Amino acid sequence: MNIATLNTDHMYDLALKVQSKGDLERFIEHLADDYEVNHEVWENHSVPDFLMALADCSRRSGERGTGSTSLHSTPEFWQHMARMLLGATVLR
């Protein structure tokens, strides 16, 4: 297994632990740190590319039926947000 795969697995594990707004904020900071160290394995190398991928992740999650409005301010909502942010690191 290569370093990129190991790091993606680690970041996914962190995303699954997000349960609150504060957890999400720390996760976003981990994403920023990850970009600094592993930017060569990220698909998106600019903020606009990353944000477009984030919007695409949101649309795709809604297609799977996980975009429920009842998720607001629950641990599931914050975990969903973290997974979207993580997903945007590998989508174009």
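The values are calculated or read from the model by the stated rules, or taken from the named source; none is laboratory data. Remember, it's a predicted structure, so these values are computed and weren't measured experimentally. Quick reminder, even Gly has a Cβ in these numbers, built from the backbone with ideal geometry, and neighbours come from all protein chains shown.
Residues are listed down the side, and each one gets a yes or a no for (1) at pLDDT below 85; (2) hydrophobic (A, V, I, L, M, F, W, C); (3) exposed (fewer than 11 other Cβ atoms within 10 Å of the Cβ); (4) in a helix (DSSP H, G or I):
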| position | (1), (2), (3), (4) |
| --- | --- |
| Asp34 | no, no, no, yes |
| His80 | no, no, no, yes |
| Met84 | yes, yes, no, yes |
| Val90 | no, yes, no, no |
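Listed by first and then second residue, the pairs with beta-carbon distance under 8 Å, at least 6 apart or on different chains, first residue in the stretch 73-92 and closer than 12 Å to Leu31 by Cβ, second modelled with pLDDT of 80 or more and not in a helix (DSSP H, G or I), are Met81/Val18; Ala82/Val18; Ala88/Asn44; Thr89/Trp42; Thr89/Glu43; Thr89/Asn44; Val90/Trp42; Val90/Glu43.
Annotation note: Cβ proximity below 6 Å between a residue of the stretch 46-58 that is polar (S, T, N, Q) and a residue that is crowded, with 18+ Cβ neighbours inside 10 Å (sequence gap 6+ or interchain) occurs for Ser58/Met84.
Mind checking which residues of the stretch 38-50 are out of contact with any helix residue (DSSP H, G or I) (no Cβ under 8 Å at 6 or more places or on another chain) and not polar (S, T, N, Q)?
First pass over the stretch 38-50, keeping only residues out of contact with any helix residue (DSSP H, G or I) (no Cβ under 8 Å at 6 or more places or on another chain): 39-40, 46-49.
His39, Glu40, Val47, Pro48, Asp49 - these are the residues of the stretch 38-50 that are out of contact with any helix residue (DSSP H, G or I) (no Cβ under 8 Å at 6 or more places or on another chain) and not polar (S, T, N, Q).
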